[in-house]
Amino acid sequence: MTAATILAPEIGPAQRESVLGRTNPLVKLGIALVWLVGLGLTLDVRPPLILALIALVAAMELGSIHPDTLARRLAPLALAAILIALTNLLFSTHNPDPAATEVLRIGPLRITQEALEAAAGLGARVVSIVSVGAVFALTTDATYLVDSLVQLGHVSPRFAYGLLAAYQAVPRLADDLTTLRGARRLRGLREWDPRLLIGLLVRAIRHADQLSIAMDARGFGAGPRTSYRLVSWMRLDASVGGAALVILIVTLLVSR
Amino acid sequence: MTTVDRVQAPSPTSPFDAWRTRDIVVAAVIGVVFGVVFFAWNQLYAGLDAVTKPFSDVIYGMWLVPAILAPLVIRKPGAALFAEMAGAGVSALLGSQWGPDTLLSGFVQGAAAELVFAFVGYRRWSFPVVAVAAIASALAAWAHDWVLYYADVSLGLQLLRLSFMALSAVVIAGLGSLALERSLRRTGVLDRFGAARGSTG
């Protein structure tokens, strides 16, 4: 896999045409953030695991994401969940508490039942956040997202499209990096060096400069704008958003 | 292209003048470049975390760089928040272990730095101001992490994390951004930006 394919995740037509692909990105973003807040309300291990499971099933069933793609995306992120759980387990506020139930003692290290439960809950929270994030990223087209932000979210079109223009340059960054490393190799220098970042930024800023001149030359941000791709709310958005809200509430209630 | 633009040098501008297209795209590009760096940093942090928690937080400052570097370059209100969120958005799309929360982190980190720059009226860009902005950003990130990820962790470790994060913010985000800005200015790419007006200090 080349750097360019990692750095510019293109979503395919199958994902784009899927139920989740057609759902407005703002709705998906809203769901992701509301679920995040909901997850912050509980330390129980069950709600985050249920939500993660639902997110993953939805990704495959409603998002047409191949299980392999999902697994490839999630595997490296699993480590984060384990580490968060481990940190909370080892450094828990409950461990020094004499009233807490001890389950294990290794020298000065004391692990309590309460710490185990909280650590499991927080680890599960990360699993859930990562799963929801993967579903969003793997079913969302960046242009659709920005069009929606501008037309439905009333975000400043100059900032939104300026950002989209900069984002489209990501594959270019990979090429620039290859060129810069090649130049260093040719000069007999180490290929990886923090100073590569300066070169990368110089090229990126120069590119942004030219891009902004080209955009200004075409009347970008001057006067009222019309839209080529019209985005509007659909019944699907309400259904997906409503379903997600119900799922969250039921999950949080069930765990009590 | 550059020569033509130098002839039509912009008149001295106030930090509150509307953003030019160039400011928007350059701030966005800074965010995007660091979004890619964040993606790599996420892997590095996970690796470090596995062996050296909480010392891994000494690299935390990298995630705060756009919130400092973009305002240093653009010198306009909103640059810290915009660039930090752009970086967060890109790293979330590329696949971050913090998923949608990356956006929330980006928001609090960018907003905290933004507040400090706003407090000095977007007119002072000295090291102390930059250092305070970096620490504010780290403080916001720390509070956010506490609630969301380290809810059960003891106060001692929380404070240890905070000190590592603040130190890292000052060194990587503060000194690092100042050094990057100086290097960039020397190359001439910032000739028509706020940073070239020499209002440091």
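The values are calculated or read from the model by the stated rules, or taken from the named source; none is laboratory data. Everything numeric here is computed off the predicted structure, so don't read it as measured data. Don't worry about glycine lacking a Cβ; one is built from the backbone with ideal geometry, like all the others, and counts go over all protein chains shown. Ligands, DNA and RNA are excluded from the accessible area calculation, which covers all protein heavy atoms including side chains. Shrake-Rupley method; radii C 1.70, N 1.55, O 1.52, S 1.80 Å.
Summary table
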| item | result |
| --- | --- |
| Condition check for A:Gly30: modelled with pLDDT of 90 or more, surrounded by fewer than 18 Cβ atoms within 10 Å (Cβ to Cβ), in contact with a helix residue (DSSP H, G or I) (Cβ under 9 Å, 6 or more places away or on another chain) and under 30 Å from A:Leu230 (Cα atoms) | yes |
| Condition broken by A:Ser148, with the remaining ones in (1) open to solvent by 30 Å² or more (accessible area, probe 1.4 Å); (2) in a helix (DSSP H, G or I) satisfied | (1) |
| Unmet requirement for A:Ala78, which otherwise passes all of (1) assigned to a helix (DSSP H, G or I); (2) within 20 Å of the chain's Cα centre (by Cα); (3) buried (at least 19 other Cβ atoms within 10 Å of the Cβ) | (3) |
| Breaking point among (1) open to solvent by less than 10 Å² (accessible area, probe 1.4 Å); (2) assigned to a helix (DSSP H, G or I); (3) aromatic (Phe, Trp, Tyr); (4) farther than 20 Å from A:Gly133 by Cβ, for B:Phe82 | (1) |
| Subset of region A:32-58 [more than 12 Å from chain B (Cβ to nearest Cβ), part of a helix (DSSP H, G or I) and over 20 Å from A:Leu20 (Cβ atoms)] | A:Arg46, A:Pro47, A:Leu49 |
| Selection count where residues are at pLDDT below 95, in contact with a Lys or Arg (Cβ under 9 Å, 6 or more places away or on another chain) and hydrophobic (A, V, I, L, M, F, W, C), scope region B:99-150 | 3 |
| Selection within region A:141-157 - at the interface with chain B (Cβ under 10 Å from one of its Cβ atoms) and at pLDDT 90 or above | A:Leu145 |
| Count of region B:94-104 residues which are in a helix (DSSP H, G or I) and buried (at least 24 other Cβ atoms within 10 Å of the Cβ) | 2 |
| Qualifying residue in region A:92-109 (condition: modelled with pLDDT of 90 or more, at the interface with chain B (Cβ under 10 Å from one of its Cβ atoms) and open to solvent by 60 Å² or more (accessible area, probe 1.4 Å)) | no |
| Cross-chain or 6+ apart pairs with Cβ under 9 Å, region A:14-34 first and of a type in the set (Asp, Glu), then open to solvent by 40 Å² or more (accessible area, probe 1.4 Å) | A:Glu17/A:Ser64 |
| Identity of the residue in region B:52-63, modelled with pLDDT under 85 and at the interface with chain A (Cβ under 10 Å from one of its Cβ atoms), that ends up least open to solvent (accessible area, probe 1.4 Å) | B:Pro54 |
| Only one of A:Ile50, A:Ile84 that is more than 16 Å from the chain's Cα centre (by Cα), over 18 Å from A:Thr140 (Cα atoms), of a type in the set (A, V, I, L, M, F, W, C) and open to solvent by less than 50 Å² (accessible area, probe 1.4 Å) | A:Ile84 |
| Of the criteria (1) surrounded by 16 or more Cβ atoms within 10 Å (Cβ to Cβ); (2) touching a residue at least 40 places away in the same chain (Cβ under 8 Å); (3) over 25 Å from the mean Cα position of the chain (by Cα), which one A:Arg181 fails | (2) |
